[in-house]
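Have a look at the structure below, then the notes.
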Amino acid sequence: MKIAVGSDHGGFELKELIIRFLGELGQDVESVGCHSLDSVDYPDLAEKVCTAVRTGACDCGILVCGTGIGMSIAANRYKEIRAALCHEAFTAKMSREHNNSNVLCLGGRVIGTEIALDIVKTWVETEFAGGRHQRRLDMFS
Ligand code: RB5
């Protein structure tokens, strides 16, 4: 699976850990930035990750900002994007199984590293359940 990963400065440190962790899991990562703790605008990074997913260049994406809120708001403005802001693994699992989320949003200033990596692992390893859940997604797509 190819995963686009991006953050603003508020999510930079967690994003770097996630990229290394995804490599350890054997996932193919496309890093879109940011590249330092210098201040940047989260909508720009959300656009890069969402474009990679919408065009099929990547299968899914992960976005990190300070709270995860800005990234989730920005990502969900794109029609094909179903972005899930998660603070624990159960929600991440359900966002895949029931909502077929294709972008995971995390708050680098909200959750600790262990929980964040647990969320990431759960999210990338959980499949969409389809069936009645697809019918529900079809209602707004
Ligand atoms: C940046 O200071 C911060 O506003 C951003 O990372 C994010 O939390 C916005 O939702």
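Answer with yes or no whether ASP41 is more than 15 Å from ILE3 (Cα to Cα) and open to solvent by 10 Å² or more (accessible area, probe 1.4 Å). Lay out the reasoning, then the answer.
Details: more than 15 Å from ILE3 (Cα to Cα): yes; open to solvent by 10 Å² or more (accessible area, probe 1.4 Å): yes.
Here the answer is yes, as ASP41 does meet what is asked.
Could you grab me the full set of residues in segment 10-43 that are under 15 Å from ALA74 (Cβ atoms) and not small (Gly, Ala, Ser)? So that I can check it myself, show each step before the final result.
Of all residues in segment 10-43, those under 15 Å from ALA74 (Cβ atoms) come to 10-11, 32-34, 40-43.
Of everything in segment 10-43, those that are under 15 Å from ALA74 (Cβ atoms) and not small (Gly, Ala, Ser) turn out to be VAL32, CYS34, VAL40, ASP41, TYR42, PRO43.
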Worksheet entry | Every residue from segment 56-109 that is touching a residue at least 40 places away in the same chain (Cβ under 8 Å) and within 9 Å of the ligand (Cβ to nearest atom) | VAL64, CYS65, GLY66, THR67, GLY68, GLY70, MET71, GLY107, GLY108, ARG109
Worksheet entry | Sole exception among (1) within 12 Å of the chain's Cα centre (by Cα); (2) within 14 Å of CYS105 (Cβ to Cβ) for TYR42, by number | (1)
Fill in: Pairs, first surrounded by 16 or more Cβ atoms within 10 Å (Cβ to Cβ) in segment 6-31, second among the aromatic types (Phe, Trp, Tyr), C-beta under 6 Å, six or more apart
ASP8/TYR42
Worksheet entry | Count of segment 5-29 residues which are farther than 19 Å from THR67 by Cα and either part of a loop (DSSP other than H, G, I, E, B) or in contact with a helix residue (DSSP H, G or I) (Cβ under 6 Å, 6 or more places away or on another chain) (or both) | 5
Response to the item:
Condition set among the polar types (S, T, N, Q), at pLDDT 95 or above and open to solvent by 20 Å² or more (accessible area, probe 1.4 Å), scope segment 106-141, selection farthest from GLY23 (Cα to Cα): answer is GLN134
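The values are calculated or read from the model by the stated rules, or taken from the named source; none is laboratory data. This one's a predicted model, so the numbers in the text were calculated from it and none came from an experiment. As a convention, Cβ positions derive from the backbone with ideal geometry for all residues, glycine included, and neighbour counts pool all protein chains shown. When the accessible area is computed, the model is the full protein with side chains, heavy atoms only, and any ligands, DNA or RNA have been set aside. Shrake-Rupley method; radii C 1.70, N 1.55, O 1.52, S 1.80 Å.
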